[in-house]
1. Residue separation times 0.36 nm, minus the C-alpha to C-alpha distance between K294 and L19: what's the value?
2. Out of residues 5 or more away from N265 or on other chains, whose amide H comes under 5 Å of its own, with H placed 1.01 Å from N in the peptide plane?
3. Just list whichever of K70/K97; K169/K234; K283/K321; K97/K223 have alpha carbons separated by over 23 Å in the model shown.
4. Under a point spin-label approximation (7 Å from Cα along Cα-to-Cβ), what is the T239-K169 distance to one decimal in nm?
5. If one puts a single equal scatterer on every Cα of segment 13-80 and applies the Debye formula without solvent, what log₁₀ I(q)/I(0) results at q = 0.12, 0.26 Å⁻¹?
6. Magnitude of the Cβ-charge dipole of segment 22-116, K/R +1 and D/E -1, about the Cα centre, nearest 20 debye?
7. Ranked by accessible surface with a 1.4 Å probe, highest first, in what order do K167, K415 come?
8. Using only the alpha carbons of segment 224-289, determine the length spanned along each of the three principal axes and report them from longest to shortest in whole angstroms.
Amino acid sequence: MQQTITEKIFSAHVGREVLAGEMVESPIDMIIGNDITTPISIKAFRESGAKKLANPESFCIVLDHFIPAKDIASANQAKISRDFAKEHNLKYFFDEKDMGIEHALLPEKGIVVSGDIIIGADSHTCTHGALGAFSTGMGSTDIAYAMITGKNWFKVPESIYVNFIGKPKQYVYGKDLILEVIRQIGVDGALYRSLEFGGESISYLNMDDRFSLCNMAVEAGAKNGIIAVDSITKDFLQTRSSLRQQARVYYSDPNAQYARTININVDNLDPVVAYPFLPSNGKSIQEAVKDNIKIDQAFIGSCTNGRLSDLKIASEILKGKKIHNDVRLIVTPGTQRIYKEAHSLGYIDTLLESGALISNPTCGACLGGYMGILGDNERCISTTNRNFIGRMGARTSEVYLANSAVVAISALKGKIADPRQ
């Protein structure tokens, strides 16, 4: 039986060979909750009559959306998770003392590894597919079921193979590759399917780029994004003091069945900017420059692009320069560790000297919660993953999605600009 990576991961967990389309109940390696979604799961858990978690060491709570609390409601939300974590003596509970955006923090800690099945009550849980794991978002009640049973039900998805050809040019990153995929197939082009990313271009992408690539698979409607393990993945996992050592490696068979194959020539790809109000509304940076789009805010951060390489890219562009007088630049490191490393390498000082504001790790700005809300008719160039109406603030505001280099140079110029010029 010829299988894809995703089919092989489910087969290993279920204990028999399975193919796309089958309904299976599978054990879960890691369940992820956050301060917004976990309280709903906790309520469902308690209403079921459950008294203990099926697998306490396979449940992780990361408080990252509104931490430190922005108001009384968010403080009370966080308290529910804190009390539950204390009650169940959770091993993997991350609060202000060791905070980070969940999809940056867990790989950094070695809590998720290749071959895992991972679920989270957050749509961008698909980020962890960069490690060669099956990782997907689910609803809060689905999370409660997994908390109680240690398992969940899945329809094994068909796979779409995305074959990236060639070597990315300067200032073209994983963010641009996924924006191009979404531009080509649309926001529902991979509905309930696995996006398996491969081809020679992958070898040129570091892990930060791969996390960005898989992070936005859901913006094409995908159930998950996944990249086969290679030497770069192995090096990443080996540099993490992994708290879990069950890493397993799977590769698609040569004649595995795919719903379709998409070929994208990266040699010809320029930085991509997604215009409002869909991630699929992508245009080349040259088009964006011609449109002379003035901005009020620039944002670098989120689970998509808040990693060390993003801060490095921005600091290199901004070094010795000042951001435009009409622009606010907000930078959110993905984790405290990233923040600390960026500081030791001088990136934070460079960003501060340019006029940027550095915030604590948080999802706040990305979802229009706090730490960077847009006012009426304001425009933001952002490294985040969504640009829907009202996503980062006022319904009349506009969000343009781009990579960190484009955001940094745009903050300098006061309008969307090309880092190569």
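The values are calculated or read from the model by the stated rules, or taken from the named source; none is laboratory data. Worth saying up front: this structure is predicted, and the values here are computed from it rather than measured. Note that each Cβ is placed from the backbone with ideal geometry, even for glycine, and that neighbours are counted across all protein chains shown. Side chains are part of the model used for accessible areas, which takes the heavy atoms of the whole protein and leaves out ligands, DNA and RNA. Shrake-Rupley method; radii C 1.70, N 1.55, O 1.52, S 1.80 Å.
1. Extending this stretch completely gives an extra 94.1 nm.
2. I165
3. The answer is K169/K234; K283/K321; K97/K223.
4. My value for the distance between the label points is 2.8 nm.
5. Taken in order of the listed q values, log10 I(q)/I(0) reads -0.47, -1.14.
6. Charge dipole, segment 22-116, about its Cα centre: 460 debye, nearest 20.
7. Largest accessible area first, the residues go K167, K415.
8. Computed over segment 224-289, the largest-to-smallest principal extents equal 47, 34, 25 Å.
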